Amino acid sequence: MLGIDLGKNSCSVAGFDETGRVVLRRRLTRDGVVRLGAKLPACTMAMEACCGAHHLGHVLREQGHEVRLMSPEYVQPYVKAQKNYERDAEAMAEAATRATMRFVELKSEAQLDAQILHRARTRLVEQRTALINQLRAVLLERGIVVAKGRQQLQRFLTEMLDPAIEPPSTLSPRTRLLIEDMRLEGGELDRRIAALTTEFVARAREDHAARRLVSIPGFGALNATALVAAIGTGETFRSGRDLAAWLGLVPRQATTGGKPRLHGITKRGNTYLRTLLIHGARAALPSLSADQTLIGGWLRGLVGRAHKNKIVVALAGKLARIAWAVLRSGEGYAARVSQPVAA
């Protein structure tokens, strides 16, 4: 068993024998870890699922080793006192030997590419939002208030910057040029975001798993490709409930004295995925609640008992469980129609 504490430049390695005794401690570069793996006989190598772990895991797996990736929070309890890089590597090796430990599957190159594209699109959306907020602040400093919405702002800027229309007297020529430059920057961000969105739509059509996910209400190209990039076919999870818990869409438990108490959702796991699922559930809620299906009847029963936001989160959790079932079954989603009650 070999535990590897990954760093940007240097990595710490701790090796255990069959009895659990530490027989190897080294500080190596990333290339040094690869060279060490080439010299060692086939063994189990444990790492935290962090940046660069999937690439190194693929290299070590090609050398014949078994690679086990773990969440950092599951490794932390095995770190002994006087924390350092060597102790971290020992903790990873020890944690990987536990029978109840949960491991992370190595992501394929296609999954890693999709995740990079999603992160790039998220960064562009955040930049566009920051630019819009700055534009509104500049206009408000000059006493100009624009209605809510990105489309409303674009329409106002188009009219304001039209040469045939007299500009507001509170705007100086220099501020007007600055606003024009910011509008052009926003247009370029719109173009790049639209290009990435179009690419996601094409990927969702080509990928069989993503195409099945799109058949689920509340799932679009973004949700489907992001979920496939994160979990693949869902083999890591034993059930849809495990997937919903991994996404943080289940109540947080605080049980003591034999009395169970449930609070708000845990919000653990992938924040980006959870956000997409909740937005998708919010968009699908009106149509689903009006359908004569089992989900529609369930939603109508919740309307009088819970706040709309709670219903949306509950629907997001149910959609996550449905997504797991669709991925594992290899079939598309088919809504079950509720049976009418006999008179």
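Of 306, 245, 283, all but one fail to be without any contact (Cβ under 8 Å) to a residue 60 or more places away in the chain, among the aliphatic types (A, V, I, L, M) and either crowded, with 16+ Cβ neighbours inside 10 Å or in a helix (DSSP H, G or I) (or both); the exception is 245. Summed over region 7-48, residues that are within 20 Å of residue 106 (Cβ to Cβ), touching a helix residue (DSSP H, G or I) at 6+ places or on another chain (Cβ under 6 Å), touching a residue at least 40 places away in the same chain (Cβ under 8 Å) and open to solvent by 10 Å² or more (accessible area, probe 1.4 Å) total 1. If I filter region 173-183 for residues that are in contact with a Leu (Cβ under 8 Å, 6 or more places away or on another chain), among the acidic types (Asp, Glu), open to solvent by less than 80 Å² (accessible area, probe 1.4 Å) and modelled with pLDDT of 95 or more, do I get at least one hit? No - not one qualifying residue is present in region 173-183. Applying the condition of being under 33 Å from the mean Cα position of the chain (by Cα) and not in a helix (DSSP H, G or I) to region 147-191 and asking which residue is farthest from residue 123 (Cα to Cα) yields 147. Residues in region 286-303 that are part of a helix (DSSP H, G or I), in contact (Cβ under 8 Å) with a residue 40 or more places away in the chain and not hydrophobic (A, V, I, L, M, F, W, C): 287, 296, 297. Of all residues in region 113-169, those that are open to solvent by 70 Å² or more (accessible area, probe 1.4 Å) and β-branched (Val, Ile, Thr) total 4.
Residue-wise test of (1) acidic (Asp, Glu); (2) part of a helix (DSSP H, G or I).
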| site | (1), (2) |
| --- | --- |
| 18 | yes, no |
| 28 | no, no |
| 33 | no, yes |
| 36 | no, yes |
| 46 | no, no |
| 50 | no, no |
| 57 | no, yes |
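Total residues in region 79-93 satisfying the condition of being open to solvent by less than 60 Å² (accessible area, probe 1.4 Å) and assigned to a helix (DSSP H, G or I): the figure is 7. When 292, 253 are checked against the criterion of being open to solvent by 40 Å² or more (accessible area, probe 1.4 Å), over 14 Å from the mean Cα position of the chain (by Cα) and within 30 Å of residue 100 (Cβ to Cβ), a single residue qualifies: 253. Of the numbered criteria (1) more than 22 Å from residue 106 (Cα to Cα); (2) surrounded by 19 or more Cβ atoms within 10 Å (Cβ to Cβ), the one residue 198 fails is (2). Counting only residues that are assigned to a helix (DSSP H, G or I), of a type in the set (Asp, Glu) and buried (at least 16 other Cβ atoms within 10 Å of the Cβ), region 94-112 holds 1 of them.
The values are calculated or read from the model by the stated rules, or taken from the named source; none is laboratory data. Please read these numbers as outputs of a predicted model, since none were measured by experiment. Because the Cβ atoms are built from the backbone with ideal geometry, glycine has one as well, and the counts that use them run over all protein chains shown. These accessible areas exclude ligands, DNA and RNA; they are computed on the full protein's heavy atoms, side chains included. Shrake-Rupley method; radii C 1.70, N 1.55, O 1.52, S 1.80 Å.
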